[in-house]
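Every number in this text was worked out from the coordinates using simple rules, so none of it is lab data. Owing to the predicted nature of the structure, the values given are computational and were not obtained by experimental measurement. Note: ideal-geometry Cβ built from the backbone for every residue, glycine included; neighbour counts use all protein chains shown.
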């Protein structure tokens, strides 16, 4: 029988309140298209520059930003349009707080307009698509169109395949594909209206608010201003972007420098990538790496030299490692003896293992027992064997 439609339809979404903070403008818009067009008017004077392709330093006129964008005119324009996108997702965050009756963030408001650097133009990686844009809102909606080209339905026949460069993922419907594409574009869908933090989904934003409710005292104070932070890492980020002009990373071909960390391949010598997503594509296509069992992406760790590299070690308890070693031969023998019924035997064994594992977790939670720390290597053997070749 078809599902009955709910008698209580969802209330209409409240209109956005998009505030322009360009040099004290303070105009408010309810439509993102109108807001983007308004930002374009502000940027009109920059389009008359007589050096559009020269590396310059552009002070950001947005309130509480204080960034100095060093690069081409397109880099500055991209930065300004991201401010407008940031305003939109901060409005969405405020709507979530109001609708669910949540406690607001308690962090300092002076960092609410700080945004990440966008060192490269926004290029669509979909197969045979050559779109390159500098307006984040337009770029993200363009990528959504690729997902919406699939038919409606919760379980599309054959699935909805991702044709992004280096990706072979298949989602069950176009809405899941749209969520998956955010892992390629790094799109954030909500931001904190108080501290400006950006989040890729609703759950992470709610966790952010919950942490503020659990601990309302910031224990780390900036030595240069009245800003206080909840963690040392947030204080470090505040100092770097508000009180220093530190740009430790220099282009190998010119004098351009930037603040962001870079990603490097553990296999190639001097192979650098501006984003983790590009390093992931490189590892999968060039070195044929695959995600570890139970994971949906690679993990990267920052070294002492400031470069992010593939994490080749996974941490497990010593108990799990010993249990894996002791049960491996018996599992092999049982599967081999099953003959033609090995698939069914394997499925039954897997179900039994899952049930047993859930029981152990419940027992440990009730007894407040934690695992003993240990190390289990995930990629090391594959990396070493590839290097030997």
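Three principal axis extents describe the C-alpha atoms of region 18-216; from largest down they are 52, 48, 27 Å.
Between residue 68 and residue 301, what length in nm is gained on full extension when 0.36 nm per residue of separation is reduced by their alpha carbon distance?
Values: separation 233, 0.36 × 233 = 83.88 nm, distance 2.80 nm.
Length difference between fully extended and current span is 81.1 nm.
Highest mean first, the peptides 107-118, 24-35 sorted by other C-beta atoms within 10 Å per residue fall in the order 107-118, 24-35.
Using Cα centres only, tell me the gap between region 140-157 and region 96-132 in whole Å. Using only Cα atoms, the two centres lie 22 Å from each other. The value of relative contact order for region 18-216, using C-alpha pairs under 8 Å at least six residues apart, is 19 percent. Is the shape of region 65-176 rounded, prolate or oblate, going by the alpha carbon gyration tensor and its root eigenvalues a ≥ b ≥ c, with a/c under 1.5 for rounded and a/b larger than b/c for prolate? Oblate shape, in that a/c is at least 1.5 and b/c is the bigger or equal ratio.
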